Amino acid sequence: MSVMLDAKDVFALGPVAAVAAIRNALTEGLDPEGDVPRVILPLAGGQGLLMPSETDGWFGVKVATVAPGNTARGLRRINATYLLHDSETLTPVAVIDGVALTTLRTPAVTVAACLDRLRALAAFSPGGLRLVVFGAGPQGQGHVRTIRAHVPVADVTVVTRRGGVSPSWANRHLAADDAAVAGQVRSADVVVAATSAREPVVDGHLVRDSAVVLAVGSHEPTARELDGVLMRRATVVVESLGVAFAEAGDIFLAVREGLLDAEALVTMADLLRSGAAVRPDRPMVVKTSGMAWEDLVVAIAVYRQGGRRV
């Protein structure tokens, strides 16, 4: 009999356990390159996404929709449901809130990739890290929450197109054209790009050599949040080479412009399993588009904690 796990059940797992689930899956041998590519379907009101994956005795699929017009309607732009099955019998065991799952797993993936770098930065910043977050939505907030769960954070600046009242999780809220944004980026230890922008929102000249940049907003080869200047300067970490070139405009466009060497990309699996080198004197960029295996391993952790209790 399937159990229903709502947003409260998903978030009860917490960011520390979600990051651990991602890191453990990769260190134990999960191969993201073997994941089934997501299916993106054009729909009258936007897009439909089907994301199936199987690992470690489990099969799951996320059914998601992206409706750009919903913002003007006061509705969620992204909706999703996750179905988790036992691989042996193919029996459905849980129906999980897919929006909450995505909100939890997306920052878990980026933080899993850069956790060692974050801890190294924190060791030299006793007062806590300084964050600049482009985007005030759930992913911006989720990244702050996940980073805070692992290292001290001293200051958070959120940047949006128009600015506005500061959300509870930030110290200030600036408009993108505010002159103060450049100074905040120059001093930031961590820059998060979690927007729906199709053109770069981060000026690559401003990012510190020691900084970490996490980009999660785009999953189309023609859209980017980071410019080629930053990609040329940085060590760039991706979930999967196949997905990076198929879906990540930040990667695809920088390579096409001759500003990023495709051979220099570092995968998360290589980083966590073989300790691939990430130079401390260059920015570290983690670019993710979202993959089905990530949803699955976090969904398994959610079910193991909450499903059996329910």
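Across the stretch 44-195, the mean sequence separation of Cα contacts (distance under 8 Å, 6 or more residues apart), normalised by length, yields a relative contact order of 16 percent.
Each eigenvalue of the Cα gyration tensor of the stretch 87-165, multiplied by 5 and square-rooted, gives one semi-axis; in descending order these are 30, 19, 8 Å. The packing ranking, built from the mean of other Cβ atoms within 10 Å per residue, places the peptides 43-52, 150-159 in the order 150-159, 43-52, highest first. Once you order the gyration tensor axes a ≥ b ≥ c over the Cα atoms, which shape class does the stretch 1-143 get: rounded for a/c under 1.5, otherwise prolate or oblate by comparing a/b with b/c? Note, shape of the stretch 1-143 comes out oblate.
For the chain, the longest principal axis of the C-alpha atoms and the axis of helix 15-27 are separated by about 80°. Once C-alpha pairs closer than 8 Å and six or more residues apart are averaged by separation and normalised to the residue number of the stretch 193-251, the relative contact order reads 39 percent. Taking Cα atoms only, the orientation of helix 98-123 departs from the longest principal axis of the chain by about 40 degrees. Relative contact order, whole percent, for the stretch 219-310 stands at 35, derived from Cα pairs under 8 Å and 6 or more residues apart.
What a 1.4 Å probe finds exposed on the chain is 55% carbon and sulfur by accessible area, rounded to a whole percent. By definition, a body whose alpha carbon gyration tensor gives a ≥ b ≥ c is oblate when a/c is 1.5 or more and a/b is not larger than b/c, and the stretch 151-310 fits this oblate description.
Report summary: the helix-based calculation at 222 nm, which adds -39500 (n - 2.57) for every DSSP H run with n ≥ 4 and divides by the residues of the chain, gives -10000 deg cm²/dmol.
The values are calculated or read from the model by the stated rules, or taken from the named source; none is laboratory data. As the structure is a prediction and not an experimental result, all values here were calculated from the model. For neighbour counting, all protein chains shown are included, and Cβ atoms are generated from backbone atoms with ideal geometry for every residue, glycine included. Remember, those area values only see protein heavy atoms, side chains included, never the ligands or the DNA or RNA. Shrake-Rupley method; radii C 1.70, N 1.55, O 1.52, S 1.80 Å.
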